[in-house]
Structure formats: structure tokens, C-alpha cells
1. So what is the relative contact order of the chain, in percent, for Cα pairs below 8 Å that sit 6 or more residues apart?
2. I need the trypsin sites (Lys or Arg not before Pro) found in region 213-299, filtered to DSSP loop residues with at most 16 other beta carbons within 10 Å of theirs.
3. Rounded to the nearest 5, what % of DSSP beta bridges with both residues in the chain are antiparallel?
4. Would you work out which of M254, A166, Q283 lies farthest towards the positive end of the dipole of the chain? Charges go on Cβ: Lys and Arg +1, Asp and Glu -1.
5. Pop out the Kirkwood hydrodynamic radius of the chain from its pairwise C-alpha distances, inverse of mean 1/r, in Å to one decimal.
6. Please give the calculated 222 nm ellipticity per residue for the chain, where each DSSP H segment of at least 4 residues contributes -39500 (n - 2.57) and the sum is spread over every residue; nearest 500 deg cm²/dmol?
7. Peptides 375-384, 26-35: what's the order by average Cβ count within 10 Å, highest mean first?
8. Give the distance, in whole Å, between the Cα centre of region 288-351 and the Cα centre of region 153-229.
Amino acid sequence: MPGSDDSLLSGLTVLDFTRVLAGPYCTRLLCDLGARVIKIERPGEGDDTRRGHAQMEEGRADQGTYFIRINAGKSSLALDLSHPKAREVIVDLARASDVVVENFLPGVVAKLGCDYTALSAVKPDLVYCSISGFGQSGPLRLQPAFHHIVNAMSGIMYLEQQTDPAPRPGYLQAADVLAGTHAFGAILAALWRRQRTGQGARLDVSMLEALVAADDVSIPAGLNGGEKMGAPRPGMGVYEIGGRHLALQIVGSMDLWPRLLVMMDRPQLADDPRFATPVLRRQHWPELRDIVGAWLQRFKTVDEALDALNMARIPAAPVLEPQEVIAHPHLLARGAFPEVPHPTRGTVRVTASPYHWDGNPVHPAAGAPYRVGEHSRLVLRDLLGYDAARIDALIRSGAVEAP
């Protein structure tokens, strides 16, 4: 209920077999809302992203900022899924869990004995979510995928080529984040049905389909016999002013075009045969873009242009570098970059979940992840009820690692 001190997902336990980005992003969203997330990591190596860019601890290579950001607040259980003794632990974890999330290549979890069929047999109301590049069915289901590969397959890389001589890699890992977000929503919907009916669910989320769904114009048009949106994208311009760049948009609302004409003091453009309708403005966007660009040169700085455009209620923004984003007063006021405790650095900064709850930002409920398997003993003891002798035996066997 609004105003409750309880977290939205308090009491929910999530068994997390995911790695890298799409799956861990999904489980981070669940974790921030109060779910207990048990992250299964490979003994020794852990998640691939531990060894990523910008290490937080000198002399070690398992504290990448990428990993810390996506896995803050989770409990790390180091479990060798291929070890014979791991099977009993997996089954017990499934019994104690409400949700399972995995993003292995399709078929891998079946070989490891932790697929939906195996785990729902011991937990019939389990919500089981698989995230993969191309889905659990179809001719491409066994093809490995990262965003770069999916971006090429989705049509987005082609569309973003714009006027460049050739397609180029995209910087944003959108396929992963979108798939993780869609999985998050589907899991919550499945839990709602479970609350009403007691029925579990098997969810299949595709990075490719998540990215295809993100195109707003060209793919929907193509589905119905229309042409793709032209390049450069009509109505969206980037302009250089005084050594900086300004992004300006004049499409998306029918009010923007007349506002711009008033601001530019160019009412005659409303009757110009090149720009008289939205379709014509799209077809003649390069010419209109240059007219707007020439008018913007009246401003000496981006900030001066922004003040005027904001007064006229025309969407515009400066093109910011990452360090400018991190220091932006708006994001700081929203609590977008919280500090979380770290065992050796004191604190590290991460990104918040991208929503507020009852007027407050949603931050990790616990500290930064640290060592692979740092919570192994705690999870096996408190969640599964294993005694010290059993835990020690699992560690000696190599099925479990605990630093």
C-alpha cells in the first residue's frame, strides 16, 4: 500500500542464473524493489563483467564498475552447476524460490538440470523466465548474441546509419536493457496471475524482439506496405553553436511546427509548398533542417539558444558528455547516482533504478557486490537450512565456493 515501510517485493525470493547484462539488469530491478536475489556465480571466475572496465580495487580484476552497478544488493552463491553435488542444491533453491531467471543459450539449462521442466516439478507455482538473444524457439534460437549482433539483425543498425557511408556499431546496449526490462514486467505480471490462481509461468524473452519493438516508425510502416523513415531522421536535428552541440526536435506534436514558425518569425514557411504538410516536411527535411540551422546561428551559445527554445516550449537539449551527465543538477536532485557501501573503498556510486516509489528514488537495498561466493554460507544456512557440516562438505567437494 502507498506509504508502507515494506518494500514492494518484500518476501520474494529470486534465483538468478544470469550473467553479463540482460538478465542481471532484470534481477537488479527486482532486487531494488525488495526481492531477495540469489545470484549463482561460477566458482573462481564469477560473472564475466567482474573483469570489466574501471576496477574498483587495486591489484584485483573482479571489481569492474559494470559488474558492481548491475549486481548491487544481490547475494552471491558460488555454485559449480556442472558438479554432481550441485543438483541437490539447485533443487532446494528452487523449492525456496518464487522466481527463476536465466539467460544461457537455449538448451544449456536442460543439460545442467535447472530448466523449467526440472524445477517446476519440485515447485509447481514457479515463475521461470528465460532471456536470450533470439528466443527459445525459431531457427536462430541457438545463435549466441550480444547487443551488437542483435542490433544488426533488428534493422536498427541499418536505420541508424543515416547519412554515414556504412553501418556502424551502436554505443548503447539497448537490446540487453530492453530485454531485461520486458522480463521484469513479464515476471511481475506472472506473479500477479499466480497470486490469483496459484499457477506458475514459463516466460520467454527475446532481445531481438525487444529491440524490434523499440522502432516507432519504419518497421510498423513496413508491416503495412509503407516506406521506411528517410535518413536523416526527419524533424530531429543536431546543430553546432559556439563549439557545442544542441539537439532540437520539431516532430512528435502538431503544436511544434507553428511554435517554431512564430519563434523564427517565418510565417511564410507555413505556405511553402515544400513544408505545407507533415508528409512534405518529412520529404524535404534536409532543406528544412538547414533553414533551422541557419536561424540558430543567431545565438552565440547553446545555453542562449536553450533559454529561448524552452520559453517557446520547443524540445531542445545540450549534447552532454558522460561526466556532464553525472554532474547534472537534475539527476542529482532525483537521486540518480546513489552511493552504496563497499568493503575496501568505503562507498562506490551506481545508477539508481529508473523510477521513484512513493516519491522516493529506488536505490539498492544492500551494498556493492564483492567476492565470488561471498554469501554462499549465509544462503545455504539461512535460506536452505543446511548445517555447518553439510556446507563444509559441499565446499570441500568443489560444488560450492565460499571465500
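The values are calculated or read from the model by the stated rules, or taken from the named source; none is laboratory data. All values reported here derive from a predicted model rather than from experimental measurement. We place every Cβ from the backbone using ideal geometry, glycine too, and count neighbours over all the protein chains shown. To get the accessible areas, we keep the full protein, side chains included, count just its heavy atoms, and leave off ligands, DNA and RNA. Shrake-Rupley method; radii C 1.70, N 1.55, O 1.52, S 1.80 Å.
1. Values: 687 pairs, mean separation 79.5, N = 403.
Taking the mean separation of contacting Cα pairs over the length of the chain, I get 20 percent.
2. On the way: sites: K228, R244, R259, R274, R281, R282, R289, R298; in loops: K228, R274, R298.
Loop-located and lightly packed - K228, R274, R298.
3. Bridges in the chain that DSSP calls antiparallel: roughly 50 percent.
4. A166
5. On the way: mean 1/r = 0.0415 Å⁻¹.
In the chain this quantity evaluates to 24.1 Å.
6. Numbers: 17 runs with 145 residues, N = 403.
Calculated from helices alone, the mean residue ellipticity at 222 nm is -10000 deg cm²/dmol.
7. Working: 375-384: 19.1, 26-35: 24.7.
With the highest mean Cβ count within 10 Å placed first, the list reads 26-35, 375-384.
8. 26
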